[in-house]
Each structure stands twice: as structure tokens, then as C-alpha cells.
Amino acid sequence: MLSVKQISKHFGDKIVLEDISLEIAEGEFVSLIGPSGSGKTTLFNLIGGLLMPDGGEIWKNEDNITNTTGHISYMPQHASLFPWRTILQNVLIGQELQGRKEEGLAKEMLQKAGLGEVIHSYPHELSGGMKQRASFIRALLSPQSFLCLDEPFSALDEFTRLDMQKWLLHIWEDNQQSILFITHSIDEALFLSDKIVVLSAGPAKVKRVFEVPFARPRDEQILLSEEFLKWKRMVLEEVQR
Amino acid sequence: MRQIFTKGWRPLAAILLFIVIWQVATRVFTIEEWLLPAPTDILSEAQHTWEEFLFHFVATVKLTIGGFIIGISVGLAVAILLHMLPRVRETFYPFLILSQNIPIIVLAPLLVIWFGFGSLPKLIIITLSCFFPIAVSALGGFQQTSRELVHYMKMMGATKRQLFWKLEFPHALPSIFSGLKISATYSVMAAVISEWLGAQEGIGVFMTLATSSFRTSRVFVAIIVVMVLSLTFFGLIVLLEKLVLKWNKKGGTV
Ligand SMILES: Nc1ncnc2c1ncn2[C@@H]1O[C@H](COP(=O)(O)OP(=O)(O)OP(=O)(O)O)[C@@H](O)[C@H]1O
Ligand SMILES: [Mg+2]
């Protein structure tokens, strides 16, 4: 379990985060939505240990991990693959940093992700969606069991996006790692997550937490259901309030 | 290969044309051989002297390679040091540039006075002229590492060492290779110059001997060999670059 406890952070004289508390249980998928510039990426940098909070602590199970790195796995907005590494070498980098490589498992997962043909290709030979998939496999393969995804699909077009969401659900339902997921799309958050945390802006506070009721495994049919629209309206109202 | 041919024919034609004009001009204006030898004179001189010349040639090649290797090692070491220690960088970067303002022609005799006629002063001269392009280009490459990739590595808990060897160094390789190409050509010139000031062997020695006895054809043989040597060095680096930077074919960054 990962707990963010009363975190606050300022840059210069601007308070970005104020008294943020969150909990992500083992195997839980939590989405974070909030206005642009509200401090979501900053919260990630704090959880990743790159920044020291002004107040509050971050705990992973029984360890205080505030301002220490290496406890989470990360997937950035842009694929950020290393251009001189093949896809296989790229997805292994997280393991390399921690010292053990499981090439067999990596190949198997790439195969399942539909990237079996390109494991020895370089990133510039792949489409945007393929790169993003490789980037997600890289995050999954890293030994840390806790994943932070920062708007991973926002650079993709609408069709690829839905494909990627379905694909991510499918892969994740097999692996059941804990995920904290930043997104701007309410549809995406509802479709993917167990819990949605809505942040306010300037300074960011937790406005409200929704427990998403849809049963798993989910398929895209629910995107068109009455129930889904009702929830979407509710979350939207909360965001705009 | 075909690409080299289709691209290479223009400069080749230009060189051929130049040689023809040169040949014709020396004949038409009946220029003395000790003033400006015709290409054919140079060719026959080359045939005469090649056995004697080979000995000097080998010496220069050895000196060049030795100096080049020391030079790039020093250049890389300086770049890594300055990159890892920002304070040191701010303090010593100006000195790096100043080191290039020392006229080698003036420095060389001093080095001989300090270190004698052995190979040390020669290696210092070559190192001095070829560490700079490497150091500057490598440092530039390290500093320009993609912010996104650095952020990723840090989020994943990479140590400073891992950050350097897994990201910054490979990221800087294309710039390091540009530096290497410049250094490779400099190192040949520097080797020849270093031989001018007292050596027993080398193309530089061969040149000074030929100049002082007005055997101009010999000087030209040496000049042409130096040019070919420079080109060969450059070509080898380009080849190595092609092998090492296979991924960089389209210059694609992600
Ligand atoms: N290193 C920094 N120094 C100063 N200000 C910063 C720094 N990092 C972020 N900020 C400021 O903090 C605020 C929150 O930025 P952050 O990137 O966390 O927003 P975000 O919620 O991720 O936005 P978006 O949805 O657009 O990605 C912004 O106003 C930004 O200008
Ligand atoms: Mg952001």
C-alpha cells in the first residue's frame, strides 16, 4: 500500500499542493484528475522522491520513502524510449537499474503486447501507439510493484487511445499491480479505475474521491451505458464546481 | 559503395581538372622544378624515394596514432570531469579555451627545452591540439541530454553513475564522433609539425630535409601523403561511427 500523508509543496511564493492525502491499496487502480497546472506532475515527482515536500510524508507499506528514489516505476507522457536501444533492451532498462534482467519474461510480455515482431527494432521504427505500449511494458517489467503513469495516452489520437485503454486494462487485469494514473479524460478515468481522485487548482487539494462501481473485467460496452453517463455527469460536475 | 561513387565524382573530377591545369601550366610557362614541380615530376620522385620514405611514413603514423589515443583519452576525461563537477566546470572552462590560444609553433621549442628530444614533447603537442575538439563536443553532448529521459531515469531511481553510463554517454556519442573527426585530422598535422623540431625520423623530418636542399618535388610528395593520411584517418572514424551509431541512421530521437 502507498500512502501520501498531508503533503504540501510550494515553488517560490506559489503554493502548488496543500495537504494532499491519498491511499492506493495493493492491486488498486487509482486515477487522478484535475485542471492543467494544478500540480499532478509535481505530486508524482514527490512520490518518485525527486522533490522534498514542505510538509507531510510518503509511505510504502512500512517504509517512509519521502524524498528517496527507486521505489516506484514510472511511465511518462511521451514514451521516452532510448533511441540507441532496441525495444527489448529498452523495456529491460528498469530491471537493469535494479540489477537483474529477465529477458525471457520481457520477450513474452512484448509478444503479448503485439510487439513480438519488433523486439529488435529501434524506437524510431515504431508508431506512436507501439512506442507507448513498449513504454508501458517497460514500466510493468521494472521490479517496483507500484506504477505511476503520467497522462500516458494524451499524445495519441482518439482511436489509438481507445485501443490502448482496452489493451492496458487487459494487461493490467493479468498483472494486478497498483497504479496511480494521471489523466485529463473523465471517460478514461471511469473506464480504467477503481477510484477517482478529483483535485482542485491553486493550490491543489483533494476535492472528492469517487469509488467506481463497474465490475471487472470491463469491456468497452460500458462506455455507452446509462450508468456510465450518469457517473460521467457526476464527476464532471465535481470537476467544474 | 554506389552512393560514394555517385556523390564522389564531382570532387574527383575537380581534382583531376586541377591536376591537368597544373601540369599544362608548368609546361607552358616552363616553370623550374625547384620552384613548382609538375605532377608528373612529383610522381616520378615518389617512385624514386618511396623506399626511403616508407621508414619516415611509418614513424609518423605511429606517432599520430599514439598522440591521437592519448589526446582523445585526455579530452574525454576532461569532459567527464567538467560534466560531473559543475563548480570545476565554471572555474576551468575558460582555461580550456585559453589552452587553444597558445601558438604551438612557439610552444614546441620550449617543450623540447623542457623535455628533451624524446617522444614526450611530440606527444604533448599532438595531445594539446586534439584533446580540445573532443572535450568541447563531448561536454556539449553530455549537457544536451534530453530532459525527458533524465527525468525518467531519476524517477526510476538511477544512480549518478547509471545516469551517466546508461544515458548521458550514449546520448553524447554522435557529438563525440564529430569531435573525433576533427581531432583525427588535427592529429596528423600536429604530428608533422612536432617532427619539425628535432626528430630522427618522420614525414616532418623528411620535409625539412627536402626543403633545405630545394628538392621541391620531395616536399610535394610529403604534402600529398600527409593529405591522404589525414583523409584516411577521417574515413576510419566515419566508418567506426557508422558501425557504432547504427541506430542513428535517420537521426531519429524519441
Ligand atoms: N520545478 C518547478 N519550479 C517552479 N515551478 C514549478 C516547478 N514545477 C512545477 N511548477 C509549477 O507548479 C504548478 C504545477 O505544475 P504541474 O506540472 O505539477 O501541473 P500538472 O497538474 O501536471 O499540469 P498538466 O496537467 O498541464 O500536466 C505549475 O504552475 C508549474 O508552473
Ligand atoms: Mg503534468
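The values are calculated or read from the model by the stated rules, or taken from the named source; none is laboratory data. Note that the structure is predicted; figures quoted are calculated from it, not measured. In this analysis, Cβ positions are derived from the backbone assuming ideal geometry, glycine residues included, and neighbour counts consider all displayed protein chains. Heavy atoms of the whole protein, side chains included, go into the accessibility calculation; ligands, DNA and RNA do not. Shrake-Rupley method; radii C 1.70, N 1.55, O 1.52, S 1.80 Å.
For A:D163 and A:A25, calculate 0.36 nm times their separation in residues minus their Cα-Cα distance, and state this gained length in nm to one decimal.
Working: separation 138, 0.36 × 138 = 49.68 nm, distance 2.66 nm.
Gain in length upon complete extension: 47.0 nm.
Percent relative contact order of the range A:112-212, based on C-alpha pairs within less than 8 angstrom and at least six residues apart? Kindly include the intermediate steps, with their values, before the conclusion.
On the way: 77 pairs, mean separation 21.0, N = 101.
RCO, the range A:112-212: 21 percent.
Any lysines with Cα under 18 Å of the A:K232 Cα? List them, leaving off those in the same chain fewer than 8 positions away.
Excluding near neighbours in sequence, the set is A:K195, A:K207.
Placing +1 on the Cβ of each Lys and Arg and -1 on the Cβ of each Asp and Glu in the range A:70-206, which of A:F159, A:I186, A:V206 has its Cα farthest towards the positive end of the resulting dipole?
Positive-most Cα among the choices belongs to A:V206.
Express in Å², to the nearest 10, the accessible area of B:I104 obtained by rolling a 1.4 Å probe over the protein heavy atoms while all chains stay in place.
40
Give the shape of chain A as rounded, prolate or oblate, defined through the alpha-carbon gyration tensor: a ≥ b ≥ c are the square roots of its eigenvalues, a/c under 1.5 means rounded, and otherwise the shape is prolate if a/b is larger than b/c and oblate if not. Spell out each step's value before the answer.
Details: a/c = 1.79, a/b = 1.22, b/c = 1.47.
Note, shape of chain A comes out oblate.
Which of these, B:P170, B:P11, B:P121, has the largest mean-square fluctuation under a Gaussian network model of chain B (Cα springs below 10 Å)?
B:P11
Which residue, A:A215, A:A106, A:A25, has the most motion in a Gaussian network model of chain A that connects Cα atoms within less than 10 Å?
Maximum among the listed residues: A:A215.
Which residue, B:M189, B:M84, B:M156, has the most motion in a Gaussian network model of chain B that connects Cα atoms within less than 10 Å?
B:M156
For chain A, what's the relative contact order in percent, using C-alpha pairs closer than 8 Å and at least 6 residues apart? Each step should come with its number before you reach the end.
Working: 443 pairs, mean separation 62.6, N = 241.
Computed value for chain A: 26 percent relative contact order.
Go ahead and collect, in residue order, the members of the range B:171-199 whose backbone nitrogen is under 19 Å from a label point 7 Å along the Cα-Cβ direction of A:K101.
Counting only backbone N, you get B:171.
What residues qualify as long-range amide H neighbours of A:K207, i.e. H under 5 Å apart, gap of 5 or more or another chain, H built at 1.01 Å from N?
A:V198, A:L199, A:S200
Choose one of B:A13, B:Q23, B:A46: the residue whose Cα lies farthest towards the positive end of the charge dipole of chain B (beta-carbon charges +1 Lys, Arg; -1 Asp, Glu; about the Cα centre).
So the residue we want is B:A13.
Per 10 Å bin, what is the whole-percent P(r) computed from every C-alpha pair distance within the protein assembly as shown?
All Cα pairs considered, the percentages come to 4, 15, 20, 18, 13, 11, 9, 7, 4, 1, 0.
For the B and A pair, go ahead and give the buried accessible area with a 1.4 Å probe, both sides summed, in Å² to 100. If you can, show how the numbers build up before the last one.
Details: alone 15910 and 11490 Å², together 25050 Å².
Summing both chains' loss of accessible area gives about 2400 Å².
Taking θ = phi - 60°, what integer Hz values does the Karplus form 6.51 cos²θ - 1.76 cosθ + 1.60 yield along the range B:239-246, in sequence order, with x for Gly and Pro?
4, 4, 4, 4, 5, 6, 9, 4
Looking at the square roots a ≥ b ≥ c of the eigenvalues of the Cα gyration tensor of chain B, which shape do they give, rounded for a/c under 1.5, prolate if a/b is larger than b/c, or oblate? Kindly include the intermediate steps, with their values, before the conclusion.
Numbers: a/c = 3.01, a/b = 1.65, b/c = 1.83.
Oblate.
Exposed loop chymotrypsin sites (Phe, Trp or Tyr not before Pro) only (DSSP loop, at most 15 other Cβ atoms within 10 Å): please give the longest stretch of chain B free of them, not including the sites. It would help to have the intermediate numbers written out before the result.
Details: sites that count: B:F29, B:W34, B:F117, B:F214.
With chymotrypsin sites (Phe, Trp or Tyr not before Pro) excluded where exposed in loops, chain B gives B:118-213 as its longest stretch.
Using a 1.4 angstrom probe on the protein heavy atoms only, line up A:K101, B:K62, A:K40, B:K154 by accessible area, largest first. Before the final figure, lay out the partial values.
Numbers: A:K101 125, B:K62 145, A:K40 15, B:K154 95 Å².
Reading off the accessible areas and sorting them downward yields B:K62, A:K101, B:K154, A:K40.
Helix B:203-212 sits at what angle to the longest principal axis of chain B, using alpha carbons and giving 0 to 90 degrees rounded to 10?
It is inclined by approximately 40 degrees.
When only C-alpha pairs under 8 Å and at least 6 residues apart count, what is the relative contact order of the range B:61-213, in percent? If you can, show how the numbers build up before the last one.
On the way: 164 pairs, mean separation 48.2, N = 153.
This gives 32 percent for the range B:61-213.
Let me make sure I get this right: for the range B:158-254, a, b and c are the square roots of the gyration tensor eigenvalues over alpha carbons, sorted descending. Under 1.5 in a/c it's rounded, otherwise prolate if a/b > b/c, else oblate. Which is it? Display every interim value, and only then the final one.
Working: a/c = 5.52, a/b = 2.61, b/c = 2.11.
Because a/c hits 1.5 or more and a/b exceeds b/c, the range B:158-254 counts as prolate.
Could you compute how much accessible surface A:R100 exposes when probed at 1.4 Å, giving the result in Å² to the nearest 10?
Here the accessible area works out near 130 Å².
Counting only pairs 8 or more places apart or on different chains, how many lysine pairs in chain B have C-alpha atoms closer than 15 Å?
Lysine pairs satisfying the spacing and distance rule in chain B number 4.
Among A:Q89, A:S73, A:A25, whose Cα projects farthest towards the positive end of the dipole of the range A:1-93, with charges put on the beta-carbon of Lys, Arg (+1) and Asp, Glu (-1)?
Of the listed residues, the answer is A:Q89.
Roughly how many Å² of A:S127 are accessible to a 1.4 Å probe, to the nearest 10?
60
Residues in the range B:187-212 near a label at B:F115, defined as backbone nitrogen under 16 Å from the 7 Å Cα→Cβ point?
It comes to B:187-188, B:190-200, nothing else.
In the range B:156-254, what GluC sites (Glu not before Pro) fall in a loop by DSSP, with at most 16 other Cβ atoms inside 10 Å?
Working: sites: B:E168, B:E195, B:E201, B:E241; in loops: B:E201.
Counting only loop positions with at most 16 other Cβ atoms within 10 Å, the GluC sites (Glu not before Pro) in the range B:156-254 are B:E201.
On a 1.4 Å probe surface of the protein chains, which of A:L168, B:L209, A:L229 comes out largest in accessible area, and what is the full order?
Working: A:L168 0, B:L209 105, A:L229 80 Å².
Accessible-area ranking of A:L168, B:L209, A:L229, largest first: B:L209, A:L229, A:L168.
Let me check something: with ligands and nucleic acids excluded, how do B:I223, A:I58 order by accessible area (1.4 Å probe), largest to smallest? Walk me through the intermediate numbers first.
Numbers: B:I223 65, A:I58 0 Å².
Listed by decreasing accessible area, they come as B:I223, A:I58.
Take B:A25, project a point 7 Å from its Cα along the Cβ direction, then tell me which residues of the range B:200-231 have their backbone nitrogen under 20 Å from it.
B:216-225, B:227
Points 7 angstrom from Cα along the Cβ direction at A:E238 and B:R161: gap in nanometres?
4.7
If you stretched the chain out fully between B:W9 and B:I104, how much longer would it get, using 0.36 nm times the residue separation minus the C-alpha to C-alpha distance? Don't jump to the answer; show the numbers that get you there.
Working: separation 95, 0.36 × 95 = 34.20 nm, distance 3.67 nm.
My answer for the length gained is 30.5 nm.
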